[in-house]
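The next block holds one structure in the form of structure tokens; read it before the comments.
The values are calculated or read from the model by the stated rules, or taken from the named source; none is laboratory data. Quick caveat, the model's predicted, so the values are computed rather than measured. Here Cβ is always computed from backbone atoms with ideal geometry, including for glycine, and neighbour counts include all displayed protein chains. SASA here: full protein model, heavy atoms, side chains in, ligands and nucleic acids out. Shrake-Rupley method; radii C 1.70, N 1.55, O 1.52, S 1.80 Å.
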Amino acid sequence: MLILGINTVSDACEAALIRDGVVIAELSEPMQQGHDARLAPVVEKLMRDSATSFGDLDRIAIVVGPGSFTGVRVGVAFARGLALSLDKPAVGVTSLEALDALPGEGRVLGLLPAKRRPPERTWWGQIIDRGRGVAEPFETGTTELQSLASDMDALCGGLADVPDLGPSRVPATPTAKAAALFVGRWPDGDLPPPRPVYVREPDATPMRPVGQ
């Protein structure tokens, strides 16, 4: 099975090709904005350099968030359009399911720093059982972490500012490669759609007309 993985939810524009669980090519460009301009060229270069035809793809894996609000929209829209044009399934993978060192066994609390302004500190989280999310991602603060971690076998993700809560700690980041590997493990009838996961509303709000 040949899978194209795409990740635009973090500070990079990434694509990876996985064939039967083996990485055959990957490409990543660090960036905090501009994913809309770079995603198509990154994917095209990956396919060209690996001498792979788009028609050979079996699935398209896309990281659907939470993460950069704009990055989520760009990646999901691109994956949907590509899947439609190729008549191939696009599969949504949350940022916590796409962590590159996510344990495949046990109950894991995936965590990534949510981009709140100091001194407020929150994390995007998801409870993951045997490598797959058992509920939707959520946002949590420091006070809730202890109770969330109490029955977990491990914490995984961006843990630099997470206090020691007892379970083992596995630092990890979401990647296109991990998303594609995740999608390769699931049967055809059990593939989540590429639906954006925002967790909260964007910080930016529409401008009000003058006088209102």
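Using θ = phi - 60° and the Karplus relation 6.51 cos²θ - 1.76 cosθ + 1.60, list the HN-Hα couplings for region 86-101 in order, rounded to whole Hz, with x at every Gly or Pro.
Coupling constants for region 86-101: 9, 6, 10, x, 9, 10, x, 10, 5, 4, 7, 6, 9, 5, 6, 10 Hz.
Quick check: from the Cα gyration tensor, does the chain come out rounded (a/c under 1.5), prolate or oblate?
oblate
Taking the alpha-carbon set of region 39-105, what are its Rg and Dmax in Å?
13.0, 36
Report the accessible area of residue 20, computed with a 1.4 Å probe over the heavy atoms of all protein chains in place, in Å² rounded to the nearest 10.
Accessible area of residue 20: about 110 Å².
Treating only the Cβ atoms of Lys and Arg (+1) and Asp and Glu (-1) as charged, compute the dipole magnitude of the chain about its Cα centre; round to the nearest 20 debye.
Roughly 440 debye, rounded to the nearest 20.
State the percentage of accessible surface on the chain attributable to carbon and sulfur atoms; use a 1.4 Å probe and exclude ligands, DNA and RNA.
Its accessible area is 53 percent carbon and sulfur atoms.
Identify, among 101, 90, 39, the residue whose Cα sits farthest towards the positive end of the charge dipole of the chain, taking +1 on the Cβ of Lys and Arg and -1 on the Cβ of Asp and Glu, with the dipole about the Cα centre.
39
Counting only the heavy atoms of the protein chains, how much of residue 31 is accessible to a 1.4 Å probe, in Å² to the nearest 10?
30 Å²
Treating only the Cβ of Lys, Arg, Asp and Glu as charged (+1, +1, -1, -1), what charge dipole size does region 15-124 show about its Cα centre? Round to the nearest 20 debye.
500 debye
For 124, 186, give the ranking by accessible area with the largest first, probe 1.4 Å.
Highest to lowest solvent-accessible surface, that is 186, 124.
If the only charges are +1 at each Lys and Arg Cβ and -1 at each Asp and Glu Cβ, what is the size of the charge dipole of region 64-172 around the Cα centre, to the nearest 20 debye?
420 debye
Rounded to the nearest 5, what % of the DSSP beta bridges within the chain are antiparallel ones?
Around 65 percent of the beta bridges assigned by DSSP in the chain are antiparallel ones.
Given 196, 162, 16, which one lies farthest toward the positive end of the charge dipole of the chain, if we put +1 on the Cβ of every Lys and Arg and -1 on the Cβ of every Asp and Glu?
196
Alpha carbon centre of region 1-66 versus region 152-179: separation in Å?
So the separation of the two Cα centres works out to 23 Å.
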